[in-house]
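Asker: Let me begin by handing over the structure; questions about it come next.
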Amino acid sequence: MAKSMNAFLTTVMVLTMTCGCNGETSKNIPDTGSGQPTVMQTAQAGWTGKVVETMSTAGYTYVQVDTGKEKIWAAAPEFPVQVGDEVSVPMGAPMKNFQSKTLDRTFDIVYFVSGITAGGTAPATAKRPAAKMPGGMSKPVVTASKDMDFSGIVKPHDGKTVAEVYAEKEALAGNDVKVRGKVVKYSAMIMGKNWIHLQDGTGTTGTNDLTITTTATAKVGDTILASGVLSVGKDFGAGYSYDVIIEDAVVVVE
């Protein structure tokens with residue numbers, strides 16, 4: 001497997017991991033055959049303006065904002081807003097040709113953000129709290145259910161435990177890593193990928209949960225063997241950063 005990986009911006013990627021963006025998919029133009037969204041880089045600091053169109057679906061509110069110079073689409077975890085409201089939109093992950101199946105609509109560009117300030121109210125934010133990670137990074141906190149049993153999890157041959165991945169992250173960065181554990185959270189088709197939180201009973205809060213992105217499917221409670229290239233200090237924007245993450249992993253349900 002290649003040791004390098006294209007940078008992949010998603011807020012709500014993570015946002016949607018926390019909120020569940022059901023039915024939302026992305027569409028590449030041109031089609032590279034990768035099944036991944038076309039992501040555009042931006043240096044924008046954010047926007048303010050008046051809402052000229054809005055709709056909500058799948059836990060998200062979409063707003064078209066007229067800044068006086070341009071009109072932009074943004075989406076955030078669902079919040080109350082109406083046409084004519086003045087809003088402030090922070091910098092977010094811009095998705096090109098984003099297709100919402102639930103809205104039956106394709107947006108030329110939509111910016112996914114952690115929250116939008118409307119009518120002087122506090123911005124809507126992801127529902128799951130963030131935990132401080134080693135090195136000042138942060139990620140969503142995922143707690144396994146009380147009846148989740150990790151006693152039968154065996155470290156794979158030539159593999160690592162979750163705790164070891166964190167402890168050896170600098171040496172493992174950019175290399176293939178193999179981990180076995182149980183799925184404690186699964187979010188399907190967020191920005192073109194399935195997101196898995198894997199735990200094996202090792203580590204403590206902040207070093208016991210490993211995030212994996214993949215095209216494979218699984219369900220909470222499955223024991224899986226995941227392998228892929230480890231990225232360290234991955235920042236998806238809007239406050240969603242991962243101390244360690246395995247992207248585009250090969251996942252086998254055991």
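The values are calculated or read from the model by the stated rules, or taken from the named source; none is laboratory data. For clarity, every value in this text was computed on a predicted model and none was experimentally measured. Ideal geometry is used to build each Cβ from the backbone, glycine not excepted, and the neighbour counts take in all protein chains shown.
Asker: Does any residue in the stretch 45-66 that is touching a residue at least 40 places away in the same chain (Cβ under 8 Å) come within less than 6 Å, Cβ to Cβ, of a residue that is of a type in the set (F, W, Y) six or more places away or on a different chain, and which pairs are these?
Answerer: What qualifies is M55/Y62; T61/F79.
Asker: Assigned to a loop (DSSP other than H, G, I, E, B), touching a residue at least 24 places away in the same chain (Cβ under 8 Å), under 29 Å from P94 (Cα atoms) and not polar (S, T, N, Q), is that true of A216? If you could, list the steps in order and put the result at the bottom.
Answerer: On the way: assigned to a loop (DSSP other than H, G, I, E, B): yes; touching a residue at least 24 places away in the same chain (Cβ under 8 Å): yes; under 29 Å from P94 (Cα atoms): yes; not polar (S, T, N, Q): yes.
Yes.
Asker: Continuing with the same structure: Restricting attention to the stretch 156-175, report how many residues are among the hydrophobic types (A, V, I, L, M, F, W, C) and either farther than 14 Å from K234 by Cβ or outside the structural domain of T207 (by TED's automatic domain parsing) (or both).
Answerer: Residues that pass the stated criteria total 4.
Asker: Out of the residues in the stretch 49-81 meeting the condition of being aliphatic (A, V, I, L, M) and not in a strand (DSSP E or B), tell me which one is surrounded by the most Cβ atoms within 10 Å (Cβ to Cβ).
Answerer: V81
Asker: Shifting gears a bit: Hey, any hits in the stretch 170-191 for a residue that's free of Cβ contacts under 8 Å to residues at least 12 places away in the same chain and either farther than 27 Å from V113 by Cβ or under 18 Å from the mean Cα position of the chain (by Cα) (or both)? Break it down into steps so the answer makes sense when it comes.
Answerer: Restricting attention to the stretch 170-191, the residues satisfying the condition of being free of Cβ contacts under 8 Å to residues at least 12 places away in the same chain are 171.
Remaining after also requiring either farther than 27 Å from V113 by Cβ or under 18 Å from the mean Cα position of the chain (by Cα) (or both): 171.
Yes, the conditions are met somewhere in the stretch 170-191.
Asker: If we keep just the residues of the stretch 82-94 that are of a type outside the set (A, V, I, L, M) and assigned to a loop (DSSP other than H, G, I, E, B), which is modelled with the lowest pLDDT?
Answerer: G92
Asker: Moving to a separate point now. Inspect the stretch 201-210 for any residue being crowded, with 19+ Cβ neighbours inside 10 Å and assigned to a strand (DSSP E or B) and give the result as yes or no.
Answerer: Looking for residues that are crowded, with 19+ Cβ neighbours inside 10 Å and assigned to a strand (DSSP E or B), one finds at least one in the stretch 201-210, hence yes.
Asker: Applying the selection to the stretch 183-194, what residues are in a strand (DSSP E or B) and crowded, with 23+ Cβ neighbours inside 10 Å?
Answerer: Selection gives I190, K193.
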